[in-house]
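So the structure is just underneath, and the comments pick up after that.
The values are calculated or read from the model by the stated rules, or taken from the named source; none is laboratory data. Worth saying up front: this structure is predicted, and the values here are computed from it rather than measured. Cβ placement follows ideal geometry from the backbone for every residue including glycine, while neighbour counts extend to all protein chains displayed.
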Amino acid sequence: MEVRGSSGSGVASIAPTEGSLASGMHWDIDASGTTTSDVGTGLATEDMLREASFDGWDFTDVWQIDEGVSYPCLQWQSECPVPETDPE
């Protein structure tokens, strides 16, 4: 399994060794402003903050998420990235 992510980018992915990078890749369509792509699945910010949106991801041994607050991140990370908010 190959795991990739970027803190605060709204992009997270997991690629099984037998699949491509696009397998399990998700991005935040609200944060990025991009709603379509040739790879992966765009999710609304609300959905990016839910464990249930990441089918097949191992939240027991690999990933963690602060449900409703953060994007998923690896368990060894001290804290998961949270969506940026507009300072209105």
Task: Within region 14-25, tally of residues that are under 13 Å from the mean Cα position of the chain (by Cα) and either over 18 Å from PHE54 (Cα atoms) or modelled with pLDDT of 90 or more (or both) - done: 0
Task: Residue selected from region 39-54 under the condition closer than 9 Å to ILE65 by Cβ and more than 9 Å from the chain's Cα centre (by Cα), by the criterion surrounded by the most Cβ atoms within 10 Å (Cβ to Cβ) - done: GLU51
Task: Number of positions in region 55-69 that are crowded, with 16+ Cβ neighbours inside 10 Å, in a loop (DSSP other than H, G, I, E, B) and at pLDDT 95 or above - done: 1
Task: Near pairs, Cβ below 8 angstrom, 6+ apart or cross-chain, from region 49-75 (without any contact (Cβ under 8 Å) to a residue 60 or more places away in the chain and at positive phi) to any residue that is surrounded by 16 or more Cβ atoms within 10 Å (Cβ to Cβ) and not aromatic (Phe, Trp, Tyr) - done: GLY56/ILE14; GLY56/GLY24; GLY68/LEU49
Open item on the list: Every residue in region 27-79 that is of a type in the set (Gly, Ala, Ser) and in contact with a helix residue (DSSP H, G or I) (Cβ under 7 Å, 6 or more places away or on another chain), please.
Closed with: ALA31, GLY42, ALA44, SER53
